[in-house]
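Structure first, then comments.
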Amino acid sequence: ASLVAACGSGQVGQSGSGDTSNNTITSKKLTLVPGVQAEPFYISMQCGAQDEAKKLGYELTTQAPQKFDAAMQTTIVNALGSNPPAALLIAPTDDQAMLAPIQQVKNRGTKIVEVDTSLQDKSVAASSISSDNTAGGKLAAQTMAKLAGDKPGSVLILDTIAGTSTTAARAKGFEDELKNHPNLKSAGIQFTQNEPDQAASKVTAALASTPDLIGIFATNLNTGEGAATGLRNAGKIGQVNLVGFDASPSEVDGLKKGEYQALIAQDPAAIGTQGVQQAVAALEGKPVTRNLTADLHSITKDDMDANSKYFYKQNC
Ligand code: T6T
């Protein structure tokens, strides 16, 4: 586990754990635990969260696991125990395995806000902020159908790791929407462990086993980067439509080069901003909204210049 320093500042003072009498810690300390370190989606989220925390007079630190991995994230969450923050903003890497460690932090008086991913158990967080991932999957399928025109063919879905709430919802939204486009057949969902190399191998295998493969839906930036590699290796760039999720610098570069035909961009900075707002509302006894959704945007090469505000950042 390591501290993400990409966005600078955000160091906390040694404020004590505060008064836990009415089960709320009264320090001004917020901690953000993203899914993984040094990734443009979470860096952009951190930038939004840090700015908002500063504006509202709170101190936000970020501690991110080296990999998108529940065991690594658990170690970080458990280590908060000795000096728990007033609120924890977290993107749970597993919708079940992260329940016990997060619940333990909550039991010590910390308010819990889910950002991006969420737990299956909806009783733990005070608020959850994410994209409407099911709608994002549907939007990806509609985009894919438009790209394919009337041409019939099969479409492969690349998911990340079982238990990731966001990408599971995107895959389901995509498959459900495919039913409205009878020309397109699902070639199934493949898990990639969120590793670009595995995504590339799954694409190589699908090209061999599915001669009518017409499109690939990559449910996040790592699956997208791997899919682009797989298509490049097979000389199939532009012949098989690649619709990706997210808008990392490398995906945006791929869109420009024609490796991707479309990207569904999230607004991670808004997720971070709203996460802090809800955490502070919970701490200050103000009304809290249980579920908030951030906007999504489908971007193609033709409109990418007009949509550059949705591209993710490498640093704040
Ligand atoms: O797509 C984002 C995030 O929404 C998802 O939960 C995990 O993957 C990303 O971080 C991109 O890699």
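The values are calculated or read from the model by the stated rules, or taken from the named source; none is laboratory data. This one's a predicted model, so the numbers in the text were calculated from it and none came from an experiment. Positions of Cβ are backbone-derived with ideal geometry, glycine not excepted, and every protein chain shown enters the neighbour counts. With ligands, DNA and RNA removed, areas are computed over all heavy atoms of the protein, side chains included. Shrake-Rupley method; radii C 1.70, N 1.55, O 1.52, S 1.80 Å.
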Log entry, pairs with first residue in region 201-224 being open to solvent by 10 Å² or more (accessible area, probe 1.4 Å), second being aliphatic (A, V, I, L, M) and within 13 Å of the ligand (Cβ to nearest atom), beta carbons closer than 7 Å, six or more apart or on different chains, reads Lys202/Leu158; Asn222/Ala199
Kindly list, by first and then second residue, each pair from a residue in region 85-110 that is under 16 Å from Met72 (Cα atoms) to a residue that is among the small types (Gly, Ala, Ser) and assigned to a loop (DSSP other than H, G, I, E, B), limited to pairs with Cβ atoms under 6 Å and residues at least 6 apart or on different chains. Ala91/Gly35; Thr93/Gly35; Asp94/Gly163; Asp95/Gly163
Considering every residue within region 40-61, establish whether at least one is open to solvent by 10 Å² or more (accessible area, probe 1.4 Å), more than 26 Å from Gly285 (Cβ to Cβ), assigned to a loop (DSSP other than H, G, I, E, B) and within 14 Å of the ligand (Cβ to nearest atom). no
Ala97 fails exactly one of the following numbered conditions: (1) within 16 Å of the ligand (Cβ to nearest atom); (2) in a loop (DSSP other than H, G, I, E, B); (3) open to solvent by 50 Å² or more (accessible area, probe 1.4 Å); (4) closer than 28 Å to Leu242 by Cβ. What is the number of that condition? (4)
Could you grab me the full set of residues in region 167-185 that are touching a strand residue (DSSP E or B) at 6+ places or on another chain (Cβ under 8 Å) and either open to solvent by 50 Å² or more (accessible area, probe 1.4 Å) or assigned to a helix (DSSP H, G or I) (or both)? Thr167, Ala168, Arg170, Ala171, Phe174, Glu175, Leu178, Asn183, Lys185
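Let's see how each residue does on (1) away from the ligand (no atom under 16 Å from the Cβ); (2) in contact with a Gly (Cβ under 6 Å, 6 or more places away or on another chain); (3) modelled with pLDDT under 95; (4) not in a helix (DSSP H, G or I):
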| site | (1), (2), (3), (4) |
| --- | --- |
| Arg232 | yes, no, no, no |
| Ala269 | no, yes, no, no |
| Gly272 | no, yes, no, no |
| Ala281 | yes, no, no, no |
| Cys316 | yes, no, yes, yes |
Just checking, how many residues over region 121-141 are away from the ligand (no atom under 15 Å from the Cβ) and surrounded by fewer than 18 Cβ atoms within 10 Å (Cβ to Cβ)? 3
